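Below: one structure, written as structure tokens.
A short reminder: the numbers here are calculations on the coordinates, not readings from a lab. The structure presented is a predicted model; accordingly, all values stated were derived computationally and were not measured. Every residue, glycine as well, gets a Cβ built from its backbone with ideal geometry; the counts of neighbours run over all protein chains shown.
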């Protein structure tokens with residue numbers, strides 16, 4: 001089953017959930033706020049799609065970090081530490097597609113169509 005990771009009140013996550021419903025995609029929702037960030041999955045995501053794709057550098061959480069913390073995010077291990085400490089920093093949604101079709105970050109309807117059978 002497809003798993004959508006995110007925060008329920010995030011507008012992008014809301015759009016993504018609507019899109020999945022409209023396209024008949026059964027999915028499980030994993031709430032970062034309630035359920036936390038699954039470390040084993042995060043380790044996989046850091047490899048693919050990669051730490052650069054996971055770190056949301058445009059959001060308010062990133063802007064609230066101090067300069068030293070932002071400057072220290074330079075590779076997967078440093079990104080991992082910051083993402084675990086600040087789950088809202090993860091670019092949402094993260095979707096683990098059914099049948100190992102890959103992982104995507106953010107909502108892109110055109111890209112998502114290639115993941116729907």
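Things worth noting here:
- Within the stretch 79-111, being touching a residue at least 24 places away in the same chain (Cβ under 8 Å), assigned to a helix (DSSP H, G or I) and surrounded by fewer than 19 Cβ atoms within 10 Å (Cβ to Cβ) holds for 84, 88, 98, 109.
- Counted residues, the stretch 27-54 - those being free of Cβ contacts under 8 Å to residues at least 40 places away in the same chain, loosely packed, with under 14 Cβ neighbours inside 10 Å and in contact with a strand residue (DSSP E or B) (Cβ under 7 Å, 6 or more places away or on another chain): 1
- Residues in the stretch 1-15 that are out of contact with any strand residue (DSSP E or B) (no Cβ under 6 Å at 6 or more places or on another chain), touching a residue at least 60 places away in the same chain (Cβ under 8 Å) and not in a loop (DSSP other than H, G, I, E, B) were compared, and the one that is surrounded by the fewest Cβ atoms within 10 Å (Cβ to Cβ) is 15.
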